[in-house]
Structure formats: C-alpha cells, structure tokens
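J.: I have a structure I would like to understand better, so I am pasting it below and will then ask my questions one at a time.
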Amino acid sequence: MLRITRCLLPSPAIRTVIVIALVASLASSIRGQSTAVADGAPAEMGPGGEVLGSGDVELDMLERNYLEAVVESRRELGDKYLATLERLQDSLTQSGKLTEALLVKQERERTLDLLSHKPEVGAVPNAQATVDPLFLLGKDAAIEGKLRISPDNGALFAWEKKGTHAEWRLPEGRVSGVYEIILHYSVAEGEGGSFDVTLDDDQVLSAAVAGEGEWSDWRNMHVGNLTVGAKSGSLRVTASSFANVRLMNLKYVMLAPVGTWDRIQKGEVITPSLGTGVSERNGSRSGTEADFTEIRNARYVAKAENDADSFVVSDGTQEHTLRLYFVDAPHGDPADYREEDPQSMRNIEKEAEYFGITPQDSLAVGKEAAAYVNRLLAGQSLTVYTRKERDARRSDRFYGMVIVNGKALATLLVENGYARIEGATTELPNGSDAASYLEILRKAEATAKGARKGAWGKSR
C-alpha cells in the first residue's frame, strides 16, 4: 500500500479530504479486485469472507493474486494522489500562493520517486513516520581490534585496520520495516576510506567517507536502507579500506523511518536526547567548548522586551533570555531610531538595506515579526538547544536554537521574510555543520524573496 508521506499543504482540512477520498477509492478497488480468481474463474466466498478457489487453483496462487491486486491498487491510488496534487498546485499558483505551490510541487516529486520503485509482492513496508528513530551509540557497541571509545564524547575512534568493527544488538519490541541508516561521524582532512554496514550477515550496505575539516567537525551521512525484521539481531559497521591512517570517528548509527533523511536535509533537528550533553570535541583539538544542553517542554514567556530573535523562555523552574543563532530580525521599536543613539540608527539602517526597504518599513516589519513569534510560540511545548554561549552585547542572554513543531524557529523566520541571515553560528545539535544549515537558510530566503513575503514584500 502506498504510504502517503507528510505533505505541507496549506490547510489540514484539504489534506483530510484528499486522504479520505483516496483511501475510500483504494478500499473499493481492492474489494473489487480481490474477488477475482485466477484465469477469470468465478470466486466463491468462505464463511470468513476469504476467497475460495475452484478446480485445481492453489491457495498460494489465490493469495498471490490478492497481493497483486493490492499492489495495483497502490499504483491507482498514487496516480489519483498525483492528479489531486497537480490540481492543487495549479490552483495555488493561480492564486499567487507561490510558496505553498512549491511545497505541493515537492510533494508531487517525492511521490513520483516513490512510485517509480515498483514494490515486490509481499515486500516489507517502510517503517511508519510515527516510529521513533533508534540510536545505536558508539559507547554501547561491542568492539573488535584496536577500536576505542573516547572518554570525552563516547565516539568510536582508532579505525586503523581492515576488518575492525563495532557491533550492536538490536533491542526487542521494535517495529519491523524498512529503515534508513544514518551515521553521525567526523573525518579529518586527508583521512577517510570505505566501510560496510551489515545487518544479520545477510544485508550489506557499502559506503565511503572523505576527510573534510577537522576531527571535531561532526556531520551526518545517509548510507542507505535496510529491512529490519522482528527477529533481526545485530548491526555491524566494519572498516574496509583507508585513504591514509584512520577511517573516521563514529558517535552513533541511527535507524530511522524512511523520510527522516529528507527532514534532516531541510534543517529539522533529530538527535538522541542530549540532556547536559557530551563534549563535541574528541581531544584532537585544544581548548574546551561548552556542551549542548537540551531543554525539553520549554515555554515561551510573554514579555514587553521580547522581539522576534530574542525572547524569554521558561524550563519550568527558571526563566532564560535567548538570542537565536544564525538570524537577525529587524528592530521593532521606533524609539530605537533616534539621533541620540547613532549606533542604533545605523543598525536599523543596515537591516533596511539588507531587504532594500526604508528604515520606517524595517521597523514595521520588526514589529510584525515579533507579533508572529508571539503567536507561534505562545502555549507551545518547545525544545531549546544551547551551549550557554553569552551574547557579547548583552551578557544576560545566551544563544540558542528553538524547535517548534519539529522545525527550527530561525528557518521559519527566514521563510516568512522576518529575518536576515546574520549573526552567530554553530554546529547543529544533530551534527550538521553551520555551512550546511546556512545553505538551507539561503534557499528559504530565495523562496521568501520570490514570493515577496515579510520585508521582501516592501522592497522597491
């Protein structure tokens, strides 16, 4: 059966109508096709509603015909879903809702790609998106050879010999299905090589990593997909070849529902619970860097001084003033634009220049952006990631990333034309480097600019 992936449509009601209509169509199609017996023979229904054959027709042939009918219905459902998306895309485009139309177009492309891979009858379905990712931490692995576990961050290192491997026993009670295999690793420039990921000695993925940056630069890699069954016992990562001396450092392997990698590429933060965190450094560089702290179920606190990129949150016991990484929203208080404070005036003028608007328009956008954040965050359960790095201009607040409904607030501000890409940066909690996230923000900004959202709508 076709698994309809999450589609960012403009209205939940529209999604509901589409899904109900298509599922009803699928059910009707399956009911109609499942009553047919091989070679066109009339079907006879058993007491439980099962199809009974006649003559020499084998039960397994009947079962195969039924499964083939389901596969065919999957194809028909997909075609109808695509047609509906195409009509919706055209309607949104004609209405001038270009950003929404682009999202629907992306969903059509994902669905086309999904349908281009014909499923085998009886194939194991993808793990559903509601299944939580399974994290196999380096520190929990059974290791062979000279492989070591870093006392600083729990990562596996010293992959220096072919055949050296780490192995994990898979926990019981997981959902069977197809999972994406995602590695969280680092490789210094000039190092790297190839490796295999093996599931129960009968499924193997081969991949390679190339050295970029330093050993402290953590990143993610999508290796491929593996089918995990209820009886699957272990997963192993084995070194195969080396570009120089060391293969990589490995912090964890993620077994995630299909579609997770796309979400990570779009900037969604998916990471093991960090708590107070473990050091992102592995001892290969000098100095000490603050750990990431994860604050779950944080709440937005309405304050007069809040604006779009700086505001107060509560962790349930105390309040913290946050300043967002990566973005800078326009000032929203007209009182800040006065000759008595030339530095503040210049800052506001820089913000206006970025968007190609007047300082007065920039102030209006800043006020609108602050109201947007207040509406978006009020009453929501937030996740905050921070290294407790203080803002040099205001020591009472520290930098952080705020996740609301699975998406970074910085991304949402840029998508809506409420912030420029400017300010302090950091590696993301999921291991992606700052450059990768900045590229995501630049693409979001180009879309917002084309759709004339927020400040871009006031540009001349």
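So that you can scan it fast, the table gives a plain yes or no per residue for (1) crowded, with 20+ Cβ neighbours inside 10 Å; (2) of a type outside the set (Asp, Glu); (3) in a helix (DSSP H, G or I); (4) without any contact (Cβ under 8 Å) to a residue 40 or more places away in the chain:
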| site | (1), (2), (3), (4) |
| --- | --- |
| ASN347 | no, yes, yes, yes |
| GLU351 | yes, no, yes, no |
| VAL365 | yes, yes, yes, no |
| GLU368 | no, no, yes, no |
| ALA371 | no, yes, yes, yes |
| LEU376 | no, yes, yes, yes |
| TYR385 | yes, yes, no, no |
| LYS388 | no, yes, no, no |
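J.: Could I ask something else about it? Does region 442-460 include one or more residues that are surrounded by fewer than 17 Cβ atoms within 10 Å (Cβ to Cβ), assigned to a loop (DSSP other than H, G, I, E, B) and of a type in the set (A, V, I, L, M)?
T.: Scanning region 442-460 turns up no residue that is surrounded by fewer than 17 Cβ atoms within 10 Å (Cβ to Cβ), assigned to a loop (DSSP other than H, G, I, E, B) and of a type in the set (A, V, I, L, M).
J.: Return yes or no: is GLY406 buried (at least 19 other Cβ atoms within 10 Å of the Cβ) and at positive phi? Lay out the reasoning, then the answer.
T.: Details: buried (at least 19 other Cβ atoms within 10 Å of the Cβ): no; at positive phi: yes.
When the stated conditions are applied, GLY406 does not pass them.
J.: So ILE264 ticks every box in (1) modelled with pLDDT under 90; (2) touching a Gly at 6+ places or on another chain (Cβ under 7 Å); (3) crowded, with 21+ Cβ neighbours inside 10 Å but one. Which box is left unticked?
T.: Of the numbered conditions (1) modelled with pLDDT under 90; (2) touching a Gly at 6+ places or on another chain (Cβ under 7 Å); (3) crowded, with 21+ Cβ neighbours inside 10 Å, the odd one out for ILE264 is (2).
J.: Moving to a separate point now. Scan region 424-441 for residues that are surrounded by 15 or more Cβ atoms within 10 Å (Cβ to Cβ) and part of a helix (DSSP H, G or I) and report the count.
T.: 5
J.: Further, regarding this structure: Go through region 152-177 and count every residue that is surrounded by 20 or more Cβ atoms within 10 Å (Cβ to Cβ) and aliphatic (A, V, I, L, M).
T.: Summing the residues that are surrounded by 20 or more Cβ atoms within 10 Å (Cβ to Cβ) and aliphatic (A, V, I, L, M) in region 152-177 gives 3.
J.: Give just the number: which of (1) closer than 21 Å to GLU415 by Cβ; (2) hydroxyl-bearing (Ser, Thr, Tyr); (3) surrounded by fewer than 16 Cβ atoms within 10 Å (Cβ to Cβ) does SER310 not satisfy?
T.: (3)
J.: Sticking with this one: Does VAL414 fit the bill of being farther than 20 Å from ILE264 by Cα and assigned to a helix (DSSP H, G or I)?
T.: So VAL414 does not fit the description; no.
J.: Let me ask another. Select from region 314-340 the residues that are over 17 Å from GLY366 (Cβ atoms) and either touching an Asp or Glu at 6+ places or on another chain (Cβ under 7 Å) or outside the structural domain of VAL384 (by TED's automatic domain parsing) (or both) and list them in ascending order.
T.: THR321
J.: Could you tell me whether GLY154 is over 22 Å from the mean Cα position of the chain (by Cα) and at pLDDT below 75? Reasoning before the result, please.
T.: Working: over 22 Å from the mean Cα position of the chain (by Cα): yes; at pLDDT below 75: no.
No: the conditions fail for GLY154.
J.: May I pose another question? Applying the selection to region 308-345, what residues are in a loop (DSSP other than H, G, I, E, B), within 17 Å of VAL384 (Cα to Cα) and touching a helix residue (DSSP H, G or I) at 6+ places or on another chain (Cβ under 8 Å)? Explain how you work it out, then say what you get.
T.: First, pick out the residues of region 308-345 that are in a loop (DSSP other than H, G, I, E, B): 308-309, 315-318, 325-326, 329-333, 337-341.
If we keep only those that are within 17 Å of VAL384 (Cα to Cα) too, we end up with 308-309, 315-318, 325-326.
Scanning region 308-345 gives ALA308, ASP309, TYR325, PHE326.
The values are calculated or read from the model by the stated rules, or taken from the named source; none is laboratory data. Owing to the predicted nature of the structure, the values given are computational and were not obtained by experimental measurement. Every residue, glycine as well, gets a Cβ built from its backbone with ideal geometry; the counts of neighbours run over all protein chains shown.
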